[in-house]
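The values are calculated or read from the model by the stated rules, or taken from the named source; none is laboratory data. Source: prediction; values computed, not measured. Using ideal geometry, Cβ is built from the backbone for each residue, glycine included, and neighbour counts are taken over all protein chains shown.
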Amino acid sequence: MTHLTQGPIGILCLEEPWSPSPPRTWGEDPHLLTTGLVRETVKGVTVPDILSGREHVQEAYINAGKALKAQGCTAISSNCGYSVLYQQAVSRATGLPTLMSSLLLLPLLATIFPADEAIGIICFDTNCPTDEHLTASWPELDKSRIEVVGLEGTEAWRQINRADPEYDWVVIEDAIASCTLKLKQNKRSISAVVLECCAFGPFLPMVQERMNVPTFDIVTAVGSFFGNELLKKGTE
């Protein structure tokens with residue numbers, strides 16, 4: 001396979017503390033990609049900022065995207081699925097292949113799987129993705145094709161939804177397991193699952209095993225479009 005990118009992939013990262021131990025969020029393992037990985041903090045943008053869509057967020061993403069291009073990156077991703085709102089702005093500003101969110105897989109999955117089946121989304125907060133986020137991911141959005149569950153109301157949500165988030169991986173796993181059970185108990189048939197939050201990736205195998213359907217996150221999306229051999233095996 002020929003890579004769409006021959007140089008490092010740049011990751012636009014929310015302004016938050018580094019995870020002290022594995023598993024880590026997308027972008028925190030510099031050795032994950034064979035072509036290299038460059039982190040750039042989106043200055044002044046925390047989890048609460050991106051959830052509320054504050055005015056400074058788009059400009060901050062554009063500036064960080066330009067900084068990644070200046071550092072030699074040949075493609076751009078991000079460590080927050082809700083940054084899909086800024087997908088087009090970053091792409092236009094940098095002129096680079098840009099894949100900001102696993103939510104961009106929705107129209108492809110909806111085309112692949114039968115129309116009477118739903119695509120499950122496990123997200124950080126069901127109040128966001130809004131219709132604006134979903135339409136940015138899927139311009140011809142058909143909301144009847146998706147079932148969304150989220151972490152709001154859980155201890156994991158409370159620990160992460162602040163300017164100085166704490167990633168307690170045991171607590172996060174418990175919350176994702178509960179979301180998975182909700183999808184499993186849904187009356188509709190779920191044909192695939194998308195993990196919106198980039199902190200959920202370490203638990204993709206658990207979700208896929210319990211749901212017994214194809215499950216995707218930002219890492220599998222990047223591998224699919226930029227070349228799976230970019231992803232090193234056995235990294236934390």
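A few remarks follow.
- Residue list for the stretch 183-199, restricted to those being under 20 Å from the mean Cα position of the chain (by Cα) and surrounded by fewer than 24 Cβ atoms within 10 Å (Cβ to Cβ): Leu183, Ile190, Ser191, Ala192
- Residues in the stretch 35-51 that are under 18 Å from the mean Cα position of the chain (by Cα) and in a loop (DSSP other than H, G, I, E, B) were compared, and the one that is surrounded by the most Cβ atoms within 10 Å (Cβ to Cβ) is Val42.
- Matching residues, the stretch 190-216, being outside any helix (DSSP H, G or I) and modelled with pLDDT of 95 or more: Ile190, Ser191, Ala192, Val193, Val194, Leu195, Glu196, Asn212, Val213, Pro214, Thr215, Phe216
- Flag if Val90 is modelled with pLDDT of 90 or more, β-branched (Val, Ile, Thr) and either surrounded by 22 or more Cβ atoms within 10 Å (Cβ to Cβ) or in the same structural domain as Phe226 (by TED's automatic domain parsing) (or both): yes
- The stretch 175-189, subset in contact with a strand residue (DSSP E or B) (Cβ under 8 Å, 6 or more places away or on another chain) and polar (S, T, N, Q), residue modelled with the highest pLDDT: Thr180
- Within the stretch 99-147, the only residue that satisfies the criterion of being among the hydroxyl-bearing types (Ser, Thr, Tyr) and touching a Pro at 6+ places or on another chain (Cβ under 8 Å) is Ser137.
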